[in-house]
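Engineer: This is the structure, below, for whatever I ask next.
The values are calculated or read from the model by the stated rules, or taken from the named source; none is laboratory data. Quick caveat: nothing in here was measured; it's all calculated off a predicted structure. Cβ: placed from backbone, ideal geometry, glycine included. Neighbour counts: every protein chain shown. These area figures cover heavy atoms from the full protein model, side chains too; ligands, DNA and RNA do not enter into them. Shrake-Rupley method; radii C 1.70, N 1.55, O 1.52, S 1.80 Å.
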Amino acid sequence: MREYLAFDLGASSGKICRGSFDGSKLTLSQAHAFPNHIIQLGEGLYWDFLYIFGQMCTGLLKAAASRPFDSFGIDSFNNDFSFISPAGSLLQPVRSYRDPRTRRHEDAIYRRISPQALYRLTGNQLAPFNTFMQLAAMREDREDAWLDRAERLLFLPDLLGYYLTGEQYTEYSVAAETQMLDWDSRDWIEELLQLLNISREMFAPIVMPGSIVGQASAPFLRQWQLKPFRHVAVCEHDTASAFLAAPAGADTAILSCGTWTILGAENDRPMINGFGFQHNIANEGSLPGHHRICYNVMGLWILQQLKAGLALAGQEYTYAGIQEAALDSEPFGAFINPDDPVFYPPGGMARTIRENTLGGAGARDDLEPAGLFRCVYESLAFQYRWALSKLEILLGRKFSAVSLIGGGARDRVLCQFTANALGLPVHAGPVEASSAGNILVQMLADGAIANIAQGRDIIRESFDLSTYLPRNEATWETQYHRFLALAHPEDK
């Protein structure tokens, strides 16, 4: 029996899962879980890195108490970073990608380099959360001391790995999300470094997923009274890990659904052209041969924020209660465009939805919580269909099914509405896709599997997957065109 641990950090929670592989099946068990959230300090939004690191260590202790493990890998959301001194001290709190500073300086940044030029260089989604935008905003805010004098910049999963092993590196799938990486050379783009006036030496060496980047350091093992273990650079971008665990064929699109929803497909090479720029389609990194072409949708963030805001107002809903309320509400009563930037910041989501429904003459104050939930579910499902149509055009492929992975796979309303809207079967699961994909890369590094195709066969045999078939297709087809006319009139 081979034993692996995966630390999966999301925007709303983190967990350590154990993967036990007996040679044919992979069993996942949760060793530790904790809530994660953004902290507002003044006008800035931050992650509590010290808390996150402590929770990771607590999870390692809990897992080790049951039985030993062979290796460990970290995946998380991407683009966020901090700086360390020559002595290894943490110099700055980790800013959240939702911090408003990039929105504040967006116009000034795009005067330095046009969106078209930036997309042509990188093929990344144009978005305020990218690392390039965060670094450019720091220059605009005159935070030059960090950029000019820090020893090194480390991205969040690599920063956690550094304080575990003492090794400094940047994993490829994380580097590929920064809006600063050249796909051919797999190195930083000199033109963008010069524009930011940042030294190449600020960045750690880039390593490919599946690399064994070190052992837990002796001081770390002594402090936490743990036995030695290997640290593997997995696909440290959580969505890249999740995609690897999708039991998908070539004609199946992948929908990784959590705080964000990333709808995409694997391709053997980047696709960077005018159509991709027009529709802001992202090229994202993975293992060699598993390059991802993706469209990012705001995702379950809107429901998470809606739930949190209603709780503050004394209206408590479980996620099961949200699903039941949505099913009991009037269908197609209101739509939103989930990708409207107004839904990006935290707080006040019920009001934001009511004030930004499509096609109305004013705020929809009549929308009670159940109607808000239904509006979000239906709008997300229709936005998935719109995004899938753009991916099919770019790739020149038609998809016959969707593999829905991640936390959204346990949401039966989301899965069924997605099948209805797309008119395609939706295969839901695994729920813990990021952890499973994290462990598959550790298994590759360990020699337990030969390739990801073998790993996906193991996923199919190891997890209970559900299939949702389309219902009421004629009604959903009619309503999709209504949504399209409101949210994307250019496609009418």
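Engineer: Within the set of pairs 6 or more residues apart or between chains, which connect a residue that is of a type in the set (Asp, Glu) inside the range 346-368 to a residue that is not in a loop (DSSP other than H, G, I, E, B) with Cβ atoms less than 7 Å apart?
Structural biologist: Pairs found: ASP365/ARG354.
Engineer: What number of residues in the range 171-193 are buried (at least 24 other Cβ atoms within 10 Å of the Cβ) and part of a strand (DSSP E or B)?
Structural biologist: Of the residues in the range 171-193, 2 are buried (at least 24 other Cβ atoms within 10 Å of the Cβ) and part of a strand (DSSP E or B).
Engineer: Okay, next question. I'd like to know if the range 317-329 contains one or more residues that are assigned to a loop (DSSP other than H, G, I, E, B), under 20 Å from GLN125 (Cβ atoms) and open to solvent by 20 Å² or more (accessible area, probe 1.4 Å).
Structural biologist: From the range 317-329, those assigned to a loop (DSSP other than H, G, I, E, B) are 317-318, 329; that's our starting set.
From the residues that got through so far, the ones that are under 20 Å from GLN125 (Cβ atoms) too are none.
There is no residue in the range 317-329 that is assigned to a loop (DSSP other than H, G, I, E, B), under 20 Å from GLN125 (Cβ atoms) and open to solvent by 20 Å² or more (accessible area, probe 1.4 Å).
Engineer: Now for a separate question. Checking the structure you have, find out if any residue of the range 286-305 is of a type in the set (D, E, K, R), surrounded by fewer than 22 Cβ atoms within 10 Å (Cβ to Cβ) and modelled with pLDDT of 95 or more.
Structural biologist: The answer is no, given that none of the residues of the range 286-305 is of a type in the set (D, E, K, R), surrounded by fewer than 22 Cβ atoms within 10 Å (Cβ to Cβ) and modelled with pLDDT of 95 or more.
Engineer: Are there any pairs, at least 6 apart or on different chains, whose C-beta atoms fall under 6 Å, with the first in the range 75-104 and farther than 19 Å from GLY166 by Cα and the second among the β-branched types (Val, Ile, Thr), and if so, which?
Structural biologist: From residues that are farther than 19 Å from GLY166 by Cα, the pairs are ASN78/VAL174; ASN79/THR131; ASP80/VAL94; SER96/ILE38.
Engineer: Suppose the filter is open to solvent by less than 40 Å² (accessible area, probe 1.4 Å) and of a type in the set (S, T, N, Q); does SER76 pass it? Full working, then the answer.
Structural biologist: Working: open to solvent by less than 40 Å² (accessible area, probe 1.4 Å): yes; of a type in the set (S, T, N, Q): yes.
Judged against the criteria, SER76 is a match.
Engineer: Open to solvent by 10 Å² or more (accessible area, probe 1.4 Å), over 29 Å from TYR4 (Cα atoms), touching a residue at least 60 places away in the same chain (Cβ under 8 Å) and assigned to a helix (DSSP H, G or I), is that true of LEU391?
Structural biologist: no
Engineer: I'd like the full set of residues that are closer than 19 Å to GLU316 by Cβ and open to solvent by less than 50 Å² (accessible area, probe 1.4 Å), limited to the range 340-375.
Structural biologist: Residues satisfying the conditions are GLY347, GLY348, MET349, ALA350, ILE353, LEU367, PRO369, ALA370, GLY371, LEU372, PHE373, ARG374.
Engineer: Here's a check for you: in the range 82-117, which residue that is more than 29 Å from TYR169 (Cβ to Cβ) and assigned to a loop (DSSP other than H, G, I, E, B) is modelled with the lowest pLDDT?
Structural biologist: So the residue we want is PRO100.
Engineer: What residue, among those in the range 462-492 that are part of a loop (DSSP other than H, G, I, E, B) and open to solvent by 80 Å² or more (accessible area, probe 1.4 Å), is nearest to PHE332 (Cα to Cα)? Spell out how you get there, then give the answer.
Structural biologist: Applying the first criterion (part of a loop (DSSP other than H, G, I, E, B)) to the range 462-492 yields 463-465, 469-472, 488, 492.
Filter once more, keeping what is open to solvent by 80 Å² or more (accessible area, probe 1.4 Å): 464, 469, 471-472, 492.
Numbers: ASP464: 32, LEU469: 20, ARG471: 15, ASN472: 13, LYS492: 19 Å.
Among those that are part of a loop (DSSP other than H, G, I, E, B) and open to solvent by 80 Å² or more (accessible area, probe 1.4 Å), it is ASN472.
Engineer: Does GLY309 meet the test of being open to solvent by 20 Å² or more (accessible area, probe 1.4 Å), under 26 Å from LEU358 (Cα atoms), over 15 Å from the mean Cα position of the chain (by Cα) and modelled with pLDDT of 95 or more? Before the answer, list the steps.
Structural biologist: Numbers: open to solvent by 20 Å² or more (accessible area, probe 1.4 Å): yes; under 26 Å from LEU358 (Cα atoms): yes; over 15 Å from the mean Cα position of the chain (by Cα): yes; modelled with pLDDT of 95 or more: yes.
It is true that GLY309 is open to solvent by 20 Å² or more (accessible area, probe 1.4 Å), under 26 Å from LEU358 (Cα atoms), over 15 Å from the mean Cα position of the chain (by Cα) and modelled with pLDDT of 95 or more.
Engineer: Anything in the range 132-170 that is open to solvent by less than 20 Å² (accessible area, probe 1.4 Å), more than 25 Å from ILE212 (Cβ to Cβ) and either touching a residue at least 60 places away in the same chain (Cβ under 8 Å) or out of contact with any helix residue (DSSP H, G or I) (no Cβ under 9 Å at 6 or more places or on another chain) (or both)? List them, or say none.
Structural biologist: Across the range 132-170, the qualifying residues are PHE132, LEU135, ALA136, ALA150.
Engineer: Tell me yes or no: at least one residue of the range 400-408 is farther than 20 Å from CYS17 by Cβ and in a loop (DSSP other than H, G, I, E, B).
Structural biologist: Yes, the range 400-408 contains at least one residue that is farther than 20 Å from CYS17 by Cβ and in a loop (DSSP other than H, G, I, E, B).
Engineer: Has the range 442-451 got any residue that is open to solvent by less than 10 Å² (accessible area, probe 1.4 Å), at pLDDT 95 or above and in contact with a strand residue (DSSP E or B) (Cβ under 8 Å, 6 or more places away or on another chain)?
Structural biologist: Yes.
Engineer: Just give me the residues in the range 236-266 being over 11 Å from the mean Cα position of the chain (by Cα), outside any strand (DSSP E or B) and either free of Cβ contacts under 8 Å to residues at least 60 places away in the same chain or surrounded by fewer than 24 Cβ atoms within 10 Å (Cβ to Cβ) (or both), in sequence order.
Structural biologist: PRO247, ALA248, GLY249, ALA250, ASP251
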